[in-house]
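A.B. asks: Pasting in a structure now, in structure tokens, and then I'll have a few things to ask.
The values are calculated or read from the model by the stated rules, or taken from the named source; none is laboratory data. Here the structure is a predicted model, which is why all the values come from computation and not from measurement. FYI the Cβ positions are ideal-geometry reconstructions off the backbone, even for glycines, and counts take in every protein chain you see.
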Amino acid sequence: MFERGRRFPPGAIDVDAFLFGGTKAQSRALAGLKWLAKTGTLGLELGGYDFRQNPQKEPKQAAVLVPTMVPILEQAVQDMYQANNPLWRVLVGLWCCMTGCLRFEHLRRASPMRLSRSTFHFHCNRGKQRGNRAGFDFAVPAVFCSGWPWARLWLKSWQALPQGAQTYSGLPFDAAGAPFTTAQAIKVAQDIFTPHVGADVTSLLSYSFRRVGPTYANLAGWAASDQLALGDWLDTTKQKAQGITMPLRYSGARYTTSVRRKHWLAGSIGVLTSFATWDEIPGAELAKAESTGAAMMEVAIQRDLRTEWQSPIRLRETKPRFNVPRTLPLPDRVEYMIPRKINGKRVSASLRDGARLCVEYQRGRCSGPSPCPAGQHRCAILVQSGRVCGGSHPAKECRENRAVLASPSPEREGTRPKVAAVVLRPRAGAPKASTAQAKEEAAALLPHPKKGPDASDLPPLKRQRMESPAVPVRPPPEAPRRIPAEPKRPGQSGADAWSRRSGASNLEVHFDRLATVGGNSAERPTKIWEGANGGILWLAGLPTKDTASSFPRCDIQLNWMQQAVAARGGVALPGALHLQISITDSTSRDDQWREAWPVIRQTLFTGGSVLGHCMAGRHRAATGQSLLLALVDNISFEEAQRCVSRLRDVEIYKAMAQGTVAKWVRYTRKNSMSGKVWPSPRAFIFTDRSQIHLEVEQGVPLCKHRQGSIASQRLKDVTEVESVEEAQGYDRPFCKDCLQRAAAKPGRSLVEGCGVATFHLVPRDGADFRATLVSLQLNFEFADEILEALVKAKLKNLEEFRYFFESEAEIGVWVQRLNLGDVQGVQTARLRRTWAAVKVFFQHADAGRTKIGESDLDDLLDDTSLRDMKQQFWRRYRTRFPPELYPSDATLSRVTRELNKRLLCVFSVWKVKSLQFQLVTTSKKRRLGDGLFTEETEQEESIPHDWENYLDRLHILLTAYALAPLDVLMEYYYRAKRSVVSLPAHKRLDWLQQRDSEERAVWVAKFRESTKTLGQVVREVFNLRDAHWIAIQSGGPGESTHNPTPKMLAAVTTQLPSPPKLSSFQLGTPVAGKKVARVMKDGKRLCVEFQQGRCNKGAKCPDRHMCGIVLRGERVCGSTKHGAKDCKQKVKA
């Protein structure tokens, strides 16, 4: 703490701030704090913290691979190899996990060393256990149980890689030499087993393959040592209980035993592949499998003596075989010789770094300063680890228990010269030896038990491959500058001081500037990929009216910008499906990707073309299309980036340096798989209770294709139609999963104009309905006269357009009134297609909403979600409310589910419960049947129904809506409170309840029909309906008809508390151990350089030159005469 400029011991410790905001590993941090509090007797109360996700949940083990799945795995490997699919090496890695009892992560670090006729030997550079941290060797059978020689074919593909890629390729590598991840391997395995297993395939993990060996060994009754030969050779409690006292790590035949047992396991599994589970294998079959495995093991061991390939030998491999020290012991000069032993312990004349030790100091005779001319004053006793004691005491007083004892000298007559002590002197010009090297050198001189691998542990003639020469790396390009924050406009203050752009909008403006810097313009469309089935991937700039003719025909036009094509001055390409993925917007790109990627994948794999663009096709679109190229071609993103850079002038590195684009791209590449090509649908089918599906086989919908058996896929009692119009006539929603698996290529997909088009071509409603109609016109190509006629009809949104026509016949009559001449028939068809698409779009939305029942909305959230919401509320607003004005957990859960599912309701204010009611109310269980109970509250909250209690309930509900900005909701609350007090007491409740219900009903309508946040909706309605909250009295008999005077309103206003002001206070980097503010609570930014005394800008500096030392709470020093470095205020660290 002194090195960081902090006082020790500290005055106070904020454990809450550290656990909830200072670390991401909360469980580990809590465990460390508990150990520190117990060891140091700190007296911290840590018993109330618990960061486990579900403490009551028992750990679930992955399902083990059954014998019948082994031939399926091996056949899938052979099929993928014949199809030249690099994923076959992923399945080979899982097969090695099964037969070698290995972790998949170790296969990703493996390097080939030797291939024999039966065995493939590898070396992993880093293991998990403590004894394997420096690496370990392992072997797997070189042929499948079916006899297919996978090892020779794998070695051939590995040798075809560049030398630089061979170093880090591992066993399961892709076409570019990069190892596949464990998640990708699991996904591939689940895909191949889905047709045979069905929905249960989700429990299949890489651990399922590793469990095969121990499962069979346990069934066959192998000895403990034989079972350990499949794994890490660790001593267990079971072995010690059986009397195995000698540790197995001392065995010199461990590796050979491991190879024998793995061949035994592979031979035995090949006999049991006809059994569906391990439990149903009878004893006779196990005995037969054991005999077969033993026979095949003997043959494999003999064939392992014949080497087919081996890597060049290196010094690292010979070192454990021949313990040769780096330097030889040499006698020192006679005048510096010390005795061979002192007090029966061996001594050294120098330290490991060559520093000489004083001879007289070891006997306690030299009392001069250290070092003296004779050497350093350090203890010279030699210890068993090979180092010298080096203590600040002489050798005759050393009490080191691990000292090397000298053997007693035989008694002889006469005298003999003294033998010099051992001196380990480094070579001239050699670098200083490290501690690890010193231990290795001492190991060659001292007779202590070996801890490293013995020579007999290694297989004969096994070699490691030679290191590849260093590949010159081109220095990365200069990182682009970050986007500076926009300065504050003079003469404005508060929240409306200047229009704040979001981070995504700033990046959009930045990339637009980079696209045209230096007078550059967009290049012609570039073909960056063409598949075997004819699929093409294009990269281009924004198509305009002038350049649209030079663009190729495409099936999907993919916009990688945040705004629509029409808003940027572009046009929609004719016949193309328009999709949008805003790569710079972190709030929407995940949902857009999940919706668009299945359509893009199916289109490319069925021979369609996808054109991606931004403004110039150099940054956003280049990054996005490189991601698509990496996915469809199954290569790494870096390799895809290099391919695109060779074909087109792009600057992908500038896009990857901004915001979270790089993190999102790598996450998406890692977690998105190319998957399978879905068959083309042939008709529409549905049952009495189902949605409309796309049929690929007799009664089999596209969404259930190859999921389990054919009988489980097929729908019963289906109605089949062939045309889109006939399917839409049944007024049912289409299956979203079927539509996403259908291609967007016209002429090859049955769902053209219904499936993908109806679901994707309809834009979301915005504030300007004309802009929405323009987007529809770009997608469906109806005439400008139709657009203007719809605008003149004063439609407000797509919901009104949906009910503007009752039938398709009415559309024809309506278009006929426009007098469009010869194009009237075509325009009528296009408007009918638009109307049908909007109708199907709302059918999907309605179907998604009706699936959620009222009981689902009332379910309580889990404790973790509720706690996170309350903590987020405190961090954001720094405001607490009393229990009688704070919402209960049930109210919070209901409101949160309504907002997340965009199912906002006009919730009854009298049903809102406070936290106080939750704390004082108990619940009881009522028995409904055997093992079936329900919880019921003993009583309902009974409160008088008056205007004051209504305002309190309304305050609780608005606090629960605090996912929206709190200041907007509080403005609504205080406006209602100010307005209602101007009415007579007996009218206040009815008037308040009516106005509040009407306004919140408008919230519900606008929130459900748009993509705006609740805060934006509340602010818009607040300004729109402000006149409705003016209290007007009727002036009946006995009532006061005069309006309240300004003095009365002022008195009422002063009695009401003002809305809490949000603080903008932010801490910066501490200076001299003191807290320094970066932004004051009124929003003023302090200059960071001024705090250090280095700012020379003076009045031109955009930030304030004021001392930012935090004195108390959010109050700072504020002096303009000095910075934080020179502040004399005495504050706590």
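A.B. asks: Does any residue of the range 610-629 turn out to be in contact with an Asp or Glu (Cβ under 8 Å, 6 or more places away or on another chain), charged (D, E, K, R), buried (at least 23 other Cβ atoms within 10 Å of the Cβ) and under 18 Å from L542 (Cβ atoms)?
C.D. replies: Yes, the range 610-629 has at least one match.
Residues checked against (1) more than 29 Å from M80 (Cα to Cα); (2) charged (D, E, K, R):
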site: H613; (1), (2): yes, no
site: A616; (1), (2): yes, no
site: A621; (1), (2): yes, no
site: L628; (1), (2): no, no
site: V632; (1), (2): no, no
site: V644; (1), (2): no, no
site: R648; (1), (2): yes, yes
site: T660; (1), (2): yes, no
site: R669; (1), (2): no, yes
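A.B. asks: I want to confirm something. Restricting to the range 338-369 and keeping residues that are of a type in the set (A, V, I, L, M) and touching a residue at least 60 places away in the same chain (Cβ under 8 Å), which single residue is farthest from V383 (Cα to Cα)?
C.D. replies: Among those residues, the one meeting the criterion is I338.
A.B. asks: Further, regarding this structure: So in the range 789-815, with the set limited to residues that are over 48 Å from the mean Cα position of the chain (by Cα) and of a type in the set (V, I, T), which one is farthest from A837 (Cα to Cα)?
C.D. replies: Restricting to residues being over 48 Å from the mean Cα position of the chain (by Cα) and of a type in the set (V, I, T), the top hit is V813.
A.B. asks: If I ask for residues that are more than 26 Å from I72 (Cβ to Cβ), assigned to a strand (DSSP E or B) and among the hydrophobic types (A, V, I, L, M, F, W, C), which ones from the range 116-152 would you list?
C.D. replies: Those that are more than 26 Å from I72 (Cβ to Cβ), assigned to a strand (DSSP E or B) and among the hydrophobic types (A, V, I, L, M, F, W, C): C124, F136.
A.B. asks: Let me ask something additional. Say we look at the range 82-115 and pick out the residues that are free of Cβ contacts under 8 Å to residues at least 60 places away in the same chain and part of a helix (DSSP H, G or I); which of these is surrounded by the fewest Cβ atoms within 10 Å (Cβ to Cβ)?
C.D. replies: Looking at residues that are free of Cβ contacts under 8 Å to residues at least 60 places away in the same chain and part of a helix (DSSP H, G or I), I get Q82.
A.B. asks: Could you say whether any residue in the range 141-161 is in contact with a Ser or Thr (Cβ under 8 Å, 6 or more places away or on another chain) and surrounded by fewer than 16 Cβ atoms within 10 Å (Cβ to Cβ)?
C.D. replies: Looking for residues that are in contact with a Ser or Thr (Cβ under 8 Å, 6 or more places away or on another chain) and surrounded by fewer than 16 Cβ atoms within 10 Å (Cβ to Cβ), one finds at least one in the range 141-161, hence yes.
A.B. asks: With the checklist (1) out of contact with any Cys (no Cβ under 6 Å at 6 or more places or on another chain); (2) modelled with pLDDT of 90 or more in hand, flag the one item V140 doesn't pass.
C.D. replies: Unmet condition: (1).
A.B. asks: Quick check on this structure: which one of V423, V383 is aliphatic (A, V, I, L, M) and either modelled with pLDDT of 85 or more or loosely packed, with under 10 Cβ neighbours inside 10 Å (or both)?
C.D. replies: V383
A.B. asks: If you take the residues of the range 16-48 that are exposed (fewer than 11 other Cβ atoms within 10 Å of the Cβ) and of a type in the set (A, V, I, L, M), which of them is farthest from K870 (Cα to Cα)?
C.D. replies: Applying the filter and picking the extreme gives A25.
A.B. asks: Give the residue that is surrounded by the fewest Cβ atoms within 10 Å (Cβ to Cβ), with candidates limited to residues of the range 526-555 that are polar (S, T, N, Q) and over 17 Å from Q625 (Cα atoms).
C.D. replies: For the range 526-555, the residue satisfying everything is S549.
A.B. asks: I would also like to ask the following. State all residues of the range 181-214 that are in contact with a Phe, Trp or Tyr (Cβ under 7 Å, 6 or more places away or on another chain) and within 25 Å of K262 (Cβ to Cβ); if no residue qualifies, say none.
C.D. replies: Across the range 181-214, the qualifying residues are T182, A185, L204, S206.
A.B. asks: Select from the range 800-838 the residues that are among the small types (G, A, S) and without any contact (Cβ under 8 Å) to a residue 60 or more places away in the chain and list them in ascending order.
C.D. replies: Those that are among the small types (G, A, S) and without any contact (Cβ under 8 Å) to a residue 60 or more places away in the chain: S807, A809, G812, G821, G825, A829.
A.B. asks: Also: Taking the conditions exactly as written (assigned by TED's automatic domain parsing to the domain that holds L87 and outside any helix (DSSP H, G or I)), does G170 satisfy them or not?
C.D. replies: Spelling it out, G170 is indeed assigned by TED's automatic domain parsing to the domain that holds L87 and outside any helix (DSSP H, G or I).
A.B. asks: If I ask for residues that are β-branched (V, I, T) and either surrounded by 11 or more Cβ atoms within 10 Å (Cβ to Cβ) or at pLDDT 90 or above (or both), which ones from the range 272-311 would you list?
C.D. replies: Across the range 272-311, the qualifying residues are T273, I281, T292, V299, I301, T307.
A.B. asks: Which numbered condition in (1) modelled with pLDDT of 85 or more; (2) assigned to a loop (DSSP other than H, G, I, E, B) is the only one that K187 fails?
C.D. replies: (2)
A.B. asks: Looking at P1060, P1070 in this structure, which one is under 40 Å from the mean Cα position of the chain (by Cα) and at pLDDT 85 or above?
C.D. replies: After ruling out the rest, the residue left standing is P1070.
A.B. asks: Continuing with this model, one more query. Y361 passes all but one of (1) modelled with pLDDT under 50; (2) of a type outside the set (A, V, I, L, M); (3) not in a loop (DSSP other than H, G, I, E, B); which number fails?
C.D. replies: All conditions are met except number (1).
A.B. asks: For the range 45-99, give me each residue that is among the small types (G, A, S) and at pLDDT below 90.
C.D. replies: Listed by number, the residues that qualify are G47, G48, A62, A63, A83.
A.B. asks: Something else about it: Could you count how many residues in the range 581-593 are under 16 Å from the mean Cα position of the chain (by Cα), assigned to a loop (DSSP other than H, G, I, E, B) and buried (at least 19 other Cβ atoms within 10 Å of the Cβ)?
C.D. replies: Qualifying residue count, the range 581-593: 0.
A.B. asks: Just for the range 765-804: of the residues that are among the small types (G, A, S) and in a helix (DSSP H, G or I), which one is surrounded by the most Cβ atoms within 10 Å (Cβ to Cβ)?
C.D. replies: S775
A.B. asks: From the list R109, R103, R126, R114, pick out the single residue that is in the same structural domain as V212 (by TED's automatic domain parsing), among the basic types (K, R) and under 28 Å from T277 (Cβ atoms).
C.D. replies: R103
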